[in-house]
Each structure stands twice: as C-alpha cells, then as structure tokens.
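Participant: Below: one structure in structure tokens.
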Amino acid sequence: MNRHAVAASAADHPDTISLSVNGQACAVVADAATPLLLVLRNDLGLNGPKYGCGLGECGACTVLIDGVAARSCVIPVKGAVGREVTTLEGLGDSRCPGPTQQAFISCQAAQCGYCLNGMIMTVEALLRRHPNPSETMIRQELRHNLCRCGTHLEILEAAREAAVLRAQASIASPSEDKKL
C-alpha cells in the first residue's frame, strides 16, 4: 500500500498515527505499541529496514530518528510521533544514492546485503555527529551491528569513504549540508 492510500484510509480512524518519514507527513492506522519497523515495512512499503532478530540486537532494522541511529524493531510507533524518521530510502535511491550509500556501493561492502541497511544507517548517524571519525570511532559505532558474511573490512573501508564523499558533497553545495 502506498503512503497516499494509507493516509486516505487513515484520515478518520481513531487509531490514526501521524508520522514524518523521509521528510513526508504520513498517517497510518496502527496500535500505538506496534513496532515502528512493521509500520515502515507493512504500511508504508519502505523495505530498507529489515527484520532480523526482533530484539534490537543485530541492527538490521536501524533507522534514524531525529538523526540518531535507532532500532525500529523495539521502538513502538508512538515513540516516533513528532519526530523525523529517516530510512535507507530517505538517504537516496538507485539513480542518485546518498554519499554513504555510494561509498558502500563503491567499496563493494555487501555480500548477502541483509545487514547493509543497519551498517549504512549507523555510519550515516556517526558521520552526522562526527564528519571525520577515527578508525576507532567507526569500529566502536559498528560494534553492535552483526554481519555474518564477513565483509567487515569492506564495511570499514566504506565508512571511511563515506566521510570523504560527504565532505566533498558539503564543499560542492554548502547550502545542502544540513540535508546530508
């Protein structure tokens, strides 16, 4: 179901929850305790965040809430009301990937791709706080994101490359810096 259809069907329902996702206002009909991940995937059709462990341990479901990495499988949808939720889709798309996404593509930092959403979103949150992180900071930030395929070296390389690409993008268009 697309966002417009969700918004139209939710308009007069008593369990309507209003959210801001990827810069767009949307409304969904859901119990307030429903995990944000399920609303993003099932109601809004945003499949970047993945269901992994369901316990907030693996990182596959990571989104940004007000720019901070958060595990959407353990956050009730009511916890996102009045806040800006950014999913992988909000960073860019296949035609125009964001700098962090482009770095992961360029460094071939994926095998199965299941952990990729969490890795990219975690790196994005880090780079928003620390545009030029040290290797130690990157490793510390990613320590709770699980990858079973063993692309850890490529993921670390992609995180370093993302910092470079984000810096280049902010130099190229300083007015767009806040959107990065």
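Participant: Along the Cα→Cβ direction, 7 angstrom out, place labels at residue 94 and residue 66. What is the inter-label distance in nm?
Facilitator: So the two model labels end up 3.6 nm from each other.
Participant: Send over a whole-number figure in Å² for the accessible area per residue of the chain, probe 1.4 Å.
Facilitator: 52 Å²
Participant: Oh, and also: Per the helix-only calculation at 222 nm, which mean residue ellipticity applies to the chain, given -39500 (n - 2.57) for every DSSP H run of n ≥ 4 and division by its residues, nearest 500 deg cm²/dmol?
Facilitator: Only helices count here, giving -10000 deg cm²/dmol.
Participant: Assign one of three labels to the range 39-89, namely rounded, prolate or oblate, based on the Cα gyration tensor with a ≥ b ≥ c the square roots of its eigenvalues; rounded applies when a/c is under 1.5, prolate when it is not and a/b is larger than b/c, and oblate otherwise.
Facilitator: It comes out rounded by the Cα gyration axes.
Participant: I'm a student and want to see the number: the projected area of the Cα convex hull of the chain, averaged over all directions, in nm².
Facilitator: Quarter of the Cα hull surface area: 10.1 nm².
Participant: Could you give the semi-axes, largest first, of the ellipsoid that matches the range 102-180, computed as the square roots of 5 times the alpha carbon gyration tensor eigenvalues and rounded to whole Å?
Facilitator: 22, 13, 10
Participant: Quick check: residue separation of residue 129 and residue 38 times 0.36 nm, minus the Cα distance between them. What number comes out in nm?
Facilitator: 30.0 nm
Participant: Now for a different question. Percent antiparallel among DSSP beta bridges with both residues in the chain, to the nearest 5?
Facilitator: Given both bridge residues lie in the chain, the antiparallel proportion sits at roughly 85 percent.
Participant: To continue, here is another question. Which of 136, 86, 16 moves the most in a Gaussian network model of the chain with Cα springs under 10 Å?
Facilitator: 136
Participant: Moving on. If you put +1 on each Lys and Arg Cβ and -1 on each Asp and Glu Cβ, how big is the dipole of the chain around its Cα centre, in Debye rounded to 20?
Facilitator: Here the size comes out at about 200 debye.
Participant: May I ask you to give the percent of accessible area on the chain that is carbon plus sulfur, with a probe radius of 1.4 Å?
Facilitator: Looking at the chain in its full context, I get 53 percent from C and S.
The values are calculated or read from the model by the stated rules, or taken from the named source; none is laboratory data. Not measured: the values here are computed from a predicted model. Positions of Cβ are backbone-derived with ideal geometry, glycine not excepted, and every protein chain shown enters the neighbour counts. To get the accessible areas, we keep the full protein, side chains included, count just its heavy atoms, and leave off ligands, DNA and RNA. Shrake-Rupley method; radii C 1.70, N 1.55, O 1.52, S 1.80 Å.
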